[in-house]
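Peer 1: Dropping the structure in here first, questions after.
The values are calculated or read from the model by the stated rules, or taken from the named source; none is laboratory data. This is a predicted model, so every value here is computed, not measured. Methodologically, a virtual Cβ is constructed for each residue, glycine included, from the backbone with ideal geometry; neighbour enumeration extends over all protein chains shown.
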Amino acid sequence: MRSSLITLLALVAAALAQNEPFHPQFHFTPEKNWMNDPNGMVFYEGEWHLFYQYNPAGNTWGHMSWGHAVSRDLVRWEHLPLALAEENDVMIFSGSAIVDWKNTSGFGQDGQPSLVAIYTAHHTKKPLQNQHIAYSNDRGRTWTKFSGNPVLDVKMADFRDPKVFWHEPTSRWVMTVALAKESKVHFYASPDLKQWKYVGEFGGVGATGGLWECPDLFQLPIESNEIVNPKSEIINRRWVLIVNINPGGPAGGSGCQYFVGEFDGVRFKADHTATLWADHGADFYAGVSWSDVPKADGRRVWLGWMSNWQYAEKVPTHPWRSAMSIPRELTLRRTSDGLRLVQQPVAEMLKLRSAAAARKFPGGTFAAASEWLKEQRDLPPLLDVELTLTGLTARSAFTLQLHTGPEEATTLVFDGARARLAVDRTRSGKTDFHAKFAARHEAPIRVADGRVALRLLLDTSSLEVFVQNGETALTELIFPTAGPRRLSLTNSGETTRVDGIIIHAIR
């Protein structure tokens, strides 16, 4: 009986793969219909909650509500019923969720804290967005909208995406909310999540050529606990303000920028005014982090919507549309240019590596590495690849290609003279669904001691590239022909050494 069931499941999986060739295998996606921004991300009682902008009626944008899923390991996700539904001419736009440990809202029951969602109510019959709350006393399975909504209303049409957290030094809740068309975020404070007072704002710097959306504000550890200010005590954490922007991203369309600085509960003071991008690829937007991760874990984990508003409604998938990036752990790293955001795939991703032995090149000349890759044919469609090159100079240049068909490849190009890495998806597979999809996107990278380390995560319809142990990221959708994969490595500049290549199959 068991063998028959396994055979049946295999047949079902094969049928799904044939009918949905681009369906992600290790990225979260809805079972069907449209999804965009991640929302309400909160950890509670062993579960990572992921809410998301969802259209229960179709696979293009509309009827915005909150879909819901949970995971115990950030890898396997359980779909749950719709959490917050559009009703009474009000769509449920983006927002956040927290655990009200101190029961400041009074929503808790039987000595247990409630989960509280804070979201933007988008009124469809008048130009108005204001902030509402809802609560749950059954681990997020059902939600009650607060009878006293809205809890914050400044009579604006583009005032949205509240991210709320408990600010311990001032013993109150802080909300960061976007004034989308003014390139600003405002900060509000509350003792109980119901009454909010304006306390400060930030804006007018960085990238301002589009709508500011989906802000986030949190502290991050600095790698190696370095001294930030020699005149003060050792400070090993700094504040990071996330501001997503559309359009105006580094690859065109939507993008995610960040600022590093100080926050005192009222004002955010940035260390810089230059634009810093969390991801230089085309397909990372609305990046937002989980709240209430236990101190025993200690990580700041986030993910983003893996698409771009330029073409999101046109990507060739059905009956679902859109996926999330993999969850990533965030830290800060000190560089010669200042503190920079570092993001690495969460450690839980390692459990997806196949138990079968990885294919390994132990190190050697560039020519030897190139020849070794030629022998690695028929690679599986899901890959986790690590590659390190050393001896790079301003005269170095190399190309790494992911071949998915006779005339089909996604190409990574390193330019030592400009210290940049580009991802070219013009021949990556199906690209004709939108004029702006087939393109080349590049990122500046810091080449330390002539060394470049790459990690590539390949799913059925995406490629995530992490450079220099997470210092630079490029996230790209691709829609290649199904079948085995192949990698090739060529050098058009000064000879370098390949310290190692490891190719893991992903289960």
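Peer 1: Report whether or not residue 272 is in a loop (DSSP other than H, G, I, E, B) and in contact with a strand residue (DSSP E or B) (Cβ under 8 Å, 6 or more places away or on another chain).
Peer 2: On the way: in a loop (DSSP other than H, G, I, E, B): yes; in contact with a strand residue (DSSP E or B) (Cβ under 8 Å, 6 or more places away or on another chain): yes.
Yes, satisfied.
Peer 1: Evaluate the range 466-488: report whether one residue or more is hydrophobic (A, V, I, L, M, F, W, C), over 20 Å from the mean Cα position of the chain (by Cα), farther than 26 Å from residue 357 by Cα and not assigned by TED's automatic domain parsing to the domain that holds residue 327. Can you show your working first?
Peer 2: Step one: of the range 466-488, the residues hydrophobic (A, V, I, L, M, F, W, C) are 466-467, 473-474, 477-479, 482, 487.
When the remaining residues are screened for being over 20 Å from the mean Cα position of the chain (by Cα), the result is 482, 487.
Restricting the remaining residues to those that are farther than 26 Å from residue 357 by Cα gives none.
Scanning the range 466-488, I find no residue that is hydrophobic (A, V, I, L, M, F, W, C), over 20 Å from the mean Cα position of the chain (by Cα), farther than 26 Å from residue 357 by Cα and not assigned by TED's automatic domain parsing to the domain that holds residue 327, so the answer is no.
Peer 1: Suppose we filter 177, 185, 199 for residues that are hydrophobic (A, V, I, L, M, F, W, C), under 23 Å from residue 271 (Cβ atoms) and more than 23 Å from the chain's Cα centre (by Cα); which single one remains?
Peer 2: 199
Peer 1: Which fully enclosed strands (runs of 3 or more DSSP E) of the range 23-114 have 3 or more residues being out of contact with any Leu (no Cβ under 9 Å at 6 or more places or on another chain)?
Peer 2: 33-44, 47-55, 78-84, 90-99
Peer 1: Considering only the range 40-59, I want to know if a residue exists there that is closer than 18 Å to residue 214 by Cα and over 16 Å from the mean Cα position of the chain (by Cα).
Peer 2: Yes, the range 40-59 contains a residue that is closer than 18 Å to residue 214 by Cα and over 16 Å from the mean Cα position of the chain (by Cα).
Peer 1: Can you tell me which residue within the range 193-244, out of those that are of a type in the set (A, V, I, L, M) and modelled with pLDDT under 95, is nearest to residue 258 (Cα to Cα)?
Peer 2: 228
Peer 1: Suppose we filter the range 182-216 for residues that are outside any strand (DSSP E or B) and over 23 Å from residue 145 (Cβ atoms); how many remain?
Peer 2: The initial filter retains those residues of the range 182-216 that are outside any strand (DSSP E or B), namely 182-183, 191-196, 204-210.
Remaining after also requiring over 23 Å from residue 145 (Cβ atoms): 182-183, 204-210.
Number of matching residues: 9.
Peer 1: For the range 438-451, name all the residues that are under 21 Å from residue 278 (Cβ atoms) and out of contact with any Leu (no Cβ under 8 Å at 6 or more places or on another chain).
Peer 2: Those that are under 21 Å from residue 278 (Cβ atoms) and out of contact with any Leu (no Cβ under 8 Å at 6 or more places or on another chain): 439, 440, 444, 446, 448.
Peer 1: Working carefully through the options 477, 489, find the one that is crowded, with 20+ Cβ neighbours inside 10 Å, of a type outside the set (Asp, Glu) and under 30 Å from residue 339 (Cα atoms).
Peer 2: Sole residue among the options that is crowded, with 20+ Cβ neighbours inside 10 Å, of a type outside the set (Asp, Glu) and under 30 Å from residue 339 (Cα atoms): 477.
Peer 1: Being under 21 Å from residue 249 (Cα atoms) and assigned to a loop (DSSP other than H, G, I, E, B) is the filter here; which residues of the range 298-326 pass it?
Peer 2: 306, 307, 308, 309, 310, 311, 315, 322, 323, 325, 326
Matching residues to (1) outside any strand (DSSP E or B); (2) touching a residue at least 60 places away in the same chain (Cβ under 8 Å); (3) farther than 17 Å from residue 397 by Cβ:
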position	(1), (2), (3)
452	no, yes, no
455	no, yes, yes
463	no, yes, yes
489	no, yes, no
494	yes, yes, no
498	no, yes, no
504	no, yes, yes
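Peer 1: Could you tell me how many of the residues in the range 136-174 are over 15 Å from residue 187 (Cα atoms), crowded, with 21+ Cβ neighbours inside 10 Å and aromatic (Phe, Trp, Tyr)?
Peer 2: Here the count works out to 1.
Peer 1: Then there is this: Could you give every pair whose Cβ atoms fall below 8 Å, whose first residue belongs to the range 61-78 and is free of Cβ contacts under 8 Å to residues at least 12 places away in the same chain, and whose second residue is crowded, with 16+ Cβ neighbours inside 10 Å, counting only separations of at least 6 or pairs across chains?
Peer 2: If the second residue must be crowded, with 16+ Cβ neighbours inside 10 Å, the pairs left are 78/69; 78/70; 78/71.
Peer 1: With the structure loaded, tell me whether residue 114 is touching a Ser or Thr at 6+ places or on another chain (Cβ under 7 Å), free of Cβ contacts under 8 Å to residues at least 24 places away in the same chain and not charged (D, E, K, R) or whether it fails that test.
Peer 2: Yes, satisfied.
Peer 1: Moving to a separate point now. Going by the structure shown, is residue 295 farther than 24 Å from residue 120 by Cα, part of a strand (DSSP E or B) and without any contact (Cβ under 8 Å) to a residue 24 or more places away in the chain? Before you say what the answer is, go through the steps one by one.
Peer 2: Working: farther than 24 Å from residue 120 by Cα: yes; part of a strand (DSSP E or B): no; without any contact (Cβ under 8 Å) to a residue 24 or more places away in the chain: yes.
For residue 295, the condition - farther than 24 Å from residue 120 by Cα, part of a strand (DSSP E or B) and without any contact (Cβ under 8 Å) to a residue 24 or more places away in the chain - is not met.
Peer 1: Let me ask another. Out of the residues in the range 324-353 meeting the condition of being small (Gly, Ala, Ser) and within 14 Å of residue 74 (Cα to Cα), tell me which one is surrounded by the most Cβ atoms within 10 Å (Cβ to Cβ).
Peer 2: Among residues in the range 324-353 that are small (Gly, Ala, Ser) and within 14 Å of residue 74 (Cα to Cα), the one surrounded by the most Cβ atoms within 10 Å (Cβ to Cβ) is 325.
Peer 1: While we're looking at this one, here's another question. Just one of 284, 263 is within 18 Å of the chain's Cα centre (by Cα) and either of a type in the set (S, T, N, Q) or at pLDDT 95 or above (or both); which is it?
Peer 2: 284
Peer 1: Picking from 317, 365, which residue would you name as being β-branched (Val, Ile, Thr), in contact with a Ser or Thr (Cβ under 8 Å, 6 or more places away or on another chain) and not assigned by TED's automatic domain parsing to the domain that holds residue 293?
Peer 2: Details: 317 fails: not assigned by TED's automatic domain parsing to the domain that holds residue 293.
So the residue among 317, 365 that is β-branched (Val, Ile, Thr), in contact with a Ser or Thr (Cβ under 8 Å, 6 or more places away or on another chain) and not assigned by TED's automatic domain parsing to the domain that holds residue 293 is 365.
Peer 1: Taking the residues in the range 413-424 that are surrounded by fewer than 22 Cβ atoms within 10 Å (Cβ to Cβ) and not basic (Lys, Arg) as candidates, determine which candidate is farthest from the chain's Cα centre (by Cα).
Peer 2: 417
Peer 1: Against the definition (touching a Phe, Trp or Tyr at 6+ places or on another chain (Cβ under 7 Å), assigned by TED's automatic domain parsing to the domain that holds residue 134 and without any contact (Cβ under 8 Å) to a residue 24 or more places away in the chain), how does residue 261 come out, yes or no?
Peer 2: yes
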